[in-house]
1. Can residue 92 be described as open to solvent by 50 Å² or more (accessible area, probe 1.4 Å) and either hydroxyl-bearing (Ser, Thr, Tyr) or assigned to a helix (DSSP H, G or I) (or both)?
2. So is residue 34 of a type in the set (Asp, Glu) and either modelled with pLDDT of 90 or more or under 25 Å from residue 95 (Cα atoms) (or both) or not?
3. Can you tell me which residue in the range 43-68 is least open to solvent (accessible area, probe 1.4 Å), limited to those that are outside any loop (DSSP other than H, G, I, E, B), touching a strand residue (DSSP E or B) at 6+ places or on another chain (Cβ under 9 Å) and without any contact (Cβ under 8 Å) to a residue 40 or more places away in the chain?
4. Assess whether residue 40 counts as being free of Cβ contacts under 8 Å to residues at least 12 places away in the same chain, outside any loop (DSSP other than H, G, I, E, B) and open to solvent by 40 Å² or more (accessible area, probe 1.4 Å).
5. Name every residue in the range 13-37 that is loosely packed, with under 10 Cβ neighbours inside 10 Å and within 30 Å of residue 73 (Cβ to Cβ), in order of residue number.
6. Could you identify the single residue in 86, 81 that is basic (Lys, Arg), assigned to a helix (DSSP H, G or I) and under 24 Å from residue 22 (Cβ atoms)?
7. Could you pull out the residue among 60, 13, 87 that is at negative phi and modelled with pLDDT of 90 or more?
8. List the residue pairs whose Cβ atoms are under 6 Å apart, where the first residue sits in the range 16-35 and is under 18 Å from residue 53 (Cα atoms), the second is acidic (Asp, Glu), and the two are 6 or more positions apart or on different chains.
Amino acid sequence: RYEGLASADKAAIGGWDIRSTKLGQALYDCRVLEPDLVRQVREEMDGMDIMPGVWDPSFIGESQHETALNVVSGEDNSSARCRLERIRRDIRMWKEKNN
């Protein structure tokens, strides 16, 4: 433990993804972390909720269009401004939930 840093016990993990793949599986598939580390956290990570991602096909590579099943829809995805507001709202709600 380092002076001035919060305890890791107080850490909260969250985020968005346009794919509906469970987080632990996504860590494994995308090789974000070393395989042994993924093995250690995969089950716990698979139990975490992933917020729907905002969808802008001009920004997302074509290879991901087919798997983009966990996306914000309706008014929240109607413009860049609406997508930004949705992300801000998600962050506020996440902070309240994970105080």
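The values are calculated or read from the model by the stated rules, or taken from the named source; none is laboratory data. None of the values given here were measured: they were computed from a predicted structure. Ideal geometry is used to build each Cβ from the backbone, glycine not excepted, and the neighbour counts take in all protein chains shown. For accessibility, only protein heavy atoms count, side chains too; no ligands or nucleic acids. Shrake-Rupley method; radii C 1.70, N 1.55, O 1.52, S 1.80 Å.
1. yes
2. It is true that residue 34 is of a type in the set (Asp, Glu) and either modelled with pLDDT of 90 or more or under 25 Å from residue 95 (Cα atoms) (or both).
3. Among them, the one singled out is 53.
4. When the stated conditions are applied, residue 40 passes them.
5. 31 - this is the single residue of the range 13-37 that is loosely packed, with under 10 Cβ neighbours inside 10 Å and within 30 Å of residue 73 (Cβ to Cβ).
6. None of the others qualify; the one that does is 86.
7. 87
8. Listed pairs, sorted by first residue: 22/46; 24/46.
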